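Below is one structure; the comments refer to it alone.
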Amino acid sequence: MKLKLISSSIILLLSNSALAFNDNYSSTSTVYSSTQNGDQASGSSGTNYRYPFAECLSLGMPSSSLSSYCTTVSFPTDSKEFYGVFPSIEGVTRTPEDFNKILNSGAYTELESKYIKPYLGQQTPDWAIPTPDQLQTLVNLSKNGDLYKESKDTYNSGRFLTKTDKGEYVIAKIGNVAEDSPLKLPDIVSKNGLHGSNLSDVELPSNAVGKLTTKYTYVTTQDYSRRFDATFTLIPDEFKRENIDPTKVYFEVLYGKPGSDGIIRNPLKTTTPYYIDPRSPNYSYFIKSDSLHNKGDSSDNKYQIKLYTDPSKVSYLKALPIEFDCRSQFCEGVSD
């Protein structure tokens, strides 16, 4: 056993122990730990760190930051160190180019399964896309010089992928950047190990209900129909204002209790409409979906149409009662 002194702290260098990387990993099988004890499932937020501190130093993290941040912030995703700590699986190639291709395609679930959940090979995954408030912490750390040497430029401005505590993907902005600029995900973080900060530099989109004016002209949510049908019209100028392409709109129907902002944040059920008829050029749509509610459900539950052009650009239409039948030309009771 060798001893290595970093920032007046004794870090044990363990080789071929329970804390070492699996031999199948392309990274070195030697890792630094804060204690002699630990297990393969120790997460980055635990006390038994399975993290190569020396590589944090080589990437430019100050030695004073090692114990606080080396274990809760990943290696930069454009570094060879980031791609060197994944299991070697035949047929799976991980590169910065592939990472950014998936990121900018909007396939965020694929990105998580390929690059985030298996990071460092933890049996109990602890790594995640930063939440908006964790992104603000990363910005603060980079300003203070507590992160890697290149991070100040990285977090100075841009569009960043974040994921809320409720599992929603949100594109946050820092600085004045174009809407079509490439997405960034410079670091992934420990879910519980990195604390969030009050937003000051990070700007979030306002996915508020009513951002798009809705005119429902036909709705039926009655039990006997066994489905949810709705015809609605949206305002062309608002589509243009929000940079929404009307030919590339996707819909979901949510069922549950709306929050104080009018949005069903935690739906009991969701479904994708099985029939969507875009009635261009006046931005009207007719959709059909399966019935989601059961007899005896709470009267507080409602239906809500969620529309998006990609998982990061989301709008919500006005929520509708679970039993509503409008067969007239204009549904005054459900018009915004």
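Things to note:
- Pair list, Cβ under 7 Å, 6 or more apart: region 248-276 residue crowded, with 18+ Cβ neighbours inside 10 Å, other residue part of a loop (DSSP other than H, G, I, E, B) and of a type in the set (Gly, Ala, Ser): PRO258/ALA319; ILE264/ALA319
- Residue that is modelled with the lowest pLDDT, among those in region 120-136 that are in a helix (DSSP H, G or I) and either of a type in the set (A, V, I, L, M) or surrounded by fewer than 22 Cβ atoms within 10 Å (Cβ to Cβ) (or both): GLY121
- Checking each residue in region 64-75 for being surrounded by fewer than 22 Cβ atoms within 10 Å (Cβ to Cβ) and either closer than 10 Å to LEU147 by Cβ or at pLDDT below 90 (or both) picks out SER65, SER67, SER68.
- Here ASP146 meets the list (1) assigned to a helix (DSSP H, G or I); (2) more than 30 Å from LYS248 (Cα to Cα); (3) in contact (Cβ under 8 Å) with a residue 24 or more places away in the chain almost entirely, failing just condition (1).
One line per residue, one yes/no per condition, for (1) in contact (Cβ under 8 Å) with a residue 60 or more places away in the chain; (2) in a loop (DSSP other than H, G, I, E, B); (3) not assigned by TED's automatic domain parsing to the domain that holds GLU110:
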{"residue": "ALA54", "(1), (2), (3)": "no, no, no"}
{"residue": "SER65", "(1), (2), (3)": "yes, no, no"}
{"residue": "TYR69", "(1), (2), (3)": "yes, no, no"}
{"residue": "PRO76", "(1), (2), (3)": "yes, yes, no"}
{"residue": "GLU81", "(1), (2), (3)": "no, no, no"}
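- Residues in region 158-194 that are part of a loop (DSSP other than H, G, I, E, B) and free of Cβ contacts under 8 Å to residues at least 60 places away in the same chain: THR164, ASP165, GLY167, GLY175, ASN176, VAL177, ALA178, ASP180, SER181.
- Residue match in region 102-112 (condition: touching a residue at least 40 places away in the same chain (Cβ under 8 Å), surrounded by 20 or more Cβ atoms within 10 Å (Cβ to Cβ), in contact with an Asp or Glu (Cβ under 6 Å, 6 or more places away or on another chain) and closer than 21 Å to VAL170 by Cβ): no
- Looking at PRO96, PRO87, just one residue is in contact with a Pro (Cβ under 8 Å, 6 or more places away or on another chain) and either assigned by TED's automatic domain parsing to the domain that holds TYR169 or modelled with pLDDT of 90 or more (or both), and that residue is PRO87.
- Some residue of region 318-326 being modelled with pLDDT under 80, among the β-branched types (Val, Ile, Thr), buried (at least 19 other Cβ atoms within 10 Å of the Cβ) and not assigned by TED's automatic domain parsing to the domain that holds ASP165: yes
The values are calculated or read from the model by the stated rules, or taken from the named source; none is laboratory data. Note that the coordinates shown come from a computational prediction; the quantities given were computed from them, not determined experimentally. Here Cβ is always computed from backbone atoms with ideal geometry, including for glycine, and neighbour counts include all displayed protein chains.
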